[in-house]
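The values are calculated or read from the model by the stated rules, or taken from the named source; none is laboratory data. Just so we're clear, the structure is a prediction, and the values are computed from it rather than from any experiment. Quick reminder, even Gly has a Cβ in these numbers, built from the backbone with ideal geometry, and neighbours come from all protein chains shown.
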Amino acid sequence: MTEMPAHTDHWIGRPALRRSPRMRLFCLPYAGGGTAVYRPWSDDLPEDIELCLVQLPGRETRMRETPYMSLQELVADLEVALTPLLDRPYAIFGHSMGGLIALVLARRLRGNGLPEPERLFVSGRRAPQVPDPDPPLHQLSDAAFVATMVRRYNGIPKVLLQNVDLLRLFLPTLRADMTMIETYSIPEEPPLEAPIAAFGGREDNRATREQLAAWRELTRGPFTLRMFPGGHFFVQSARAELVASIIDLLSPAGPVRPLSPDRHAGPPESGIALNPRGVG
C-alpha cells in the first residue's frame, strides 16, 4: 500500500484502501460540490480499482480554506498532489465542472512528461470548445446569482435555500467555482492519446447528446458516449448504472456491449455508444 505524503493526503481521500490496486480512479467534483457524492462508489468498485476522491478547498473538511478562482492555479497544485500516486495506471472522472478540470489536468500532466490517464471520464459537461449559450453569472448579485443557478441547474439544495446563514456560507465557494470555469479559455492543444468517455443525462439540457459528442475531437484514442436516465444530476440518480459503465470501460479485457442499450446504441468503441446532483 502506497504511503502518501502529507500534502497529498490533504488533497486525496481514499474511502477504501487497496493493498495493490491495478489502477486508481480520481474523482473531481461539480461546482459547489464535494466528495460525498462519490463515496458510495467504494462499495461498488472491484478490489483492483482504488477510489481516490479529490478534496478541493472551500468545502467539507477544507471549508475554512479559500477556494480557487483560477483553473490554471488549481491544476498546478493538483499535479503536485497527484504525482506521488501516478506510480500505477489511473483514470480521471469529473462531473460538470469536474469534467473541465479533468481535461485541463490531463493536458498539464502530459505537458510535464507524466503519463496520461488510461481513460478520461467527462460527465454532464459540454465539450469545452462548444460555446456556452448562456451569459456568465459569476458577477451577478447574490439574489440574481442564486435565482439563476436554481433555474439553470436546480443544484442548490432546498435546505440551503431555506436557511440564510447556511446559504451565506455556501455561496462564496459556489461563486468561486463558477468564476473559475467561466473565466477559463480553453487553449488549442493536440488531442490526448487517452480514450475519452462522455456521459450524460437524457433529460439534461445543460449537456446535450450533441454537446457531449464534441468531446471526440479532443482525443486520438477511442471515444465513447453513453446516456443515462435523468437530468443534470444523473450522477446520483443513476449511480448504479453509471458505476457499472465505468467498471466496464476500465476492465482489463476491454469494454463489452453497452449496458441498457437504447435504440440509438452502437458498439462501445465505435465513436458513440449509448447507455443509458452539482452544478457547472
Which residue is modelled with the lowest pLDDT, if the candidates are limited to segment 54-83 and must be loosely packed, with under 15 Cβ neighbours inside 10 Å and among the hydroxyl-bearing types (Ser, Thr, Tyr)? THR61
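Name the one entry in VAL159, VAL54, VAL75 that is of a type in the set (Val, Ile, Thr) and over 20 Å from the mean Cα position of the chain (by Cα).
VAL159
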Of GLY221, GLY200, the only residue that is in contact with a Ser or Thr (Cβ under 8 Å, 6 or more places away or on another chain) and closer than 26 Å to GLN72 by Cα is GLY200
Filter segment 202-240 for residues that are in contact with a His (Cβ under 6 Å, 6 or more places away or on another chain) and either among the polar types (S, T, N, Q) or not in a helix (DSSP H, G or I) (or both) and give the result. ASP204, ARG206
Filtered residues of segment 219-236 (kept if surrounded by fewer than 22 Cβ atoms within 10 Å (Cβ to Cβ), modelled with pLDDT under 95 and either out of contact with any strand residue (DSSP E or B) (no Cβ under 6 Å at 6 or more places or on another chain) or β-branched (Val, Ile, Thr) (or both)): GLN236
Check off (1) out of contact with any Asp or Glu (no Cβ under 9 Å at 6 or more places or on another chain); (2) at pLDDT 90 or above for PRO133 and give me the number that stays unchecked. (2)
Look at VAL256 and say whether it is assigned to a helix (DSSP H, G or I) and either at pLDDT below 95 or of a type in the set (Val, Ile, Thr) (or both). no
Where the second residue is crowded, with 24+ Cβ neighbours inside 10 Å and among the charged types (D, E, K, R) and the first is within 15 Å of ALA91 (Cβ to Cβ) and lies in segment 219-246, which pairs have Cβ atoms under 7 Å and are six or more apart or on separate chains? SER245/ARG226
Kindly indicate whether ARG209 is out of contact with any Phe, Trp or Tyr (no Cβ under 9 Å at 6 or more places or on another chain), more than 27 Å from LEU74 (Cα to Cα) and at pLDDT 95 or above. yes
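Residues checked against (1) in a strand (DSSP E or B); (2) modelled with pLDDT of 95 or more:
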{"site": "MET1", "(1), (2)": "no, no"}
{"site": "THR8", "(1), (2)": "no, no"}
{"site": "ALA16", "(1), (2)": "no, no"}
{"site": "ARG19", "(1), (2)": "no, no"}
{"site": "LEU25", "(1), (2)": "yes, yes"}
{"site": "GLY33", "(1), (2)": "no, no"}
{"site": "TRP41", "(1), (2)": "no, yes"}
{"site": "LEU51", "(1), (2)": "yes, yes"}
Take GLU118 and decide whether it is out of contact with any Leu (no Cβ under 6 Å at 6 or more places or on another chain), of a type in the set (D, E, K, R) and under 14 Å from ASP177 (Cβ atoms). no
Taking only segment 181-201 into account, find how many residues are out of contact with any strand residue (DSSP E or B) (no Cβ under 8 Å at 6 or more places or on another chain), in a loop (DSSP other than H, G, I, E, B) and among the acidic types (Asp, Glu). 2
